[in-house]
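No lab work stands behind these numbers, since they all come straight from the coordinates. None of these values were measured; they are calculated from a predicted model. FYI the Cβ positions are ideal-geometry reconstructions off the backbone, even for glycines, and counts take in every protein chain you see.
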Amino acid sequence: MNVRPGLRLIVICLAALALVAPAVRAEEPSPGIGQERPIPTSVLYIGNSHTERWHGLGWLVGNFVAAEGTDRPYRSTELSEGGVNLEYHWTHGGPELIKSGDFDAVVLQGYLAAAVPGTIEPFLEYARRFDDAIKASGAETVFFMTWPGEVDDWSTIDDVVEAHRLIAQETGAPVAPAALAFEKAIAERPDLVLIGPDRVHATWTGAYLAAATVYATLFERSPEGLSYTFGLDTDTAAFLQRVAWETVTEWNEGLAS
């Protein structure tokens with residue numbers, strides 16, 4: 001397909017790729033949390049700078065996959081551009097790429113701060129449209145819940161959580177609650193710096209936690225025990241792996257209750 005100049009479209013393939021040291025295998029999916037879902041092997045990531053920073057979310061998640069030591073295939077494709085929302089991607093090639101790409105899952109990352117006139121409604125509208133297109137293609141929708149920025153952002157953490165709770169209940173799509181994982185991690189380890197000096201984007205440490213949350217949601221398994229640390233010290237990486245899994249589990253249990 002043709003891609004508008006300025007958009008970033010990258011594809012990463014992984015099959016038993018030694019991106020990291022040999023790992024302790026992650027624990028199996030917890031009983032009762034969507035075990036009927038097949039494990040995706042081809043994933044499309046659609047978003048903005050939160051998706052494309054630090055080599056791209058698909059690359060980060062792929063490193064967790066490689067650390068499993070299971071030799072299972074994984075291919076990630078990314079469609080991203082800084083400062084845009086789902087409405088932009090809807091009108092700039094997103095549906096066409098979904099239809100043509102033979103994906104198992106599509107990870108959608110919206111940007112509430114870009115909504116006009118400052119409500120969650122534009123996010124919900126285009127999340128619904130994308131979900132319909134994704135389901136029509138035979139893939140599964142997964143939402144990546146990013147955190148509100150601290151600069152020029154009308155939304156709060158409550159707005160972000162409510163938007164994703166509503167869309168999850170309406171569509172049945174899983175949500176990777178990275179924003180809540182950030183809150184949980186800081187509550188336990190206030191020494192960690194998860195958002196950078198621009199007060200918007202994740203630091204190296206924050207990106208690791210966000211990717212661990214997406215990994216746990218996509219594959220319904222804990223990242224705990226995996227040797228991939230993204231260069232973090234092992235204690236911090238293990239802490240963030242635990243926080244990611246606990247947050248995903250708590251989110252799923254909350255929706256089910």
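Taking label points 7 Å from Cα along the Cα-to-Cβ direction, D233 and D102 give a separation of 4.7 nm.
Distance between the modelled labels on D132 and R37, one decimal in nanometres: 2.3 nm (7 Å Cα→Cβ projection). Annotation: amide H-H contacts under 5 Å for Y45 (H modelled 1.01 Å from N, sequence separation of 5 or more, or interchain): T77, E78, L79, V107. Quick check: the distance between the Cα centres of the range 70-99 and the range 139-200, to the nearest angstrom? So the separation of the two Cα centres works out to 19 Å.
The calculated FRET efficiency for the pair D191 and Q169, based on their C-beta separation and a Förster distance of 45 Å, comes to about 0.80.
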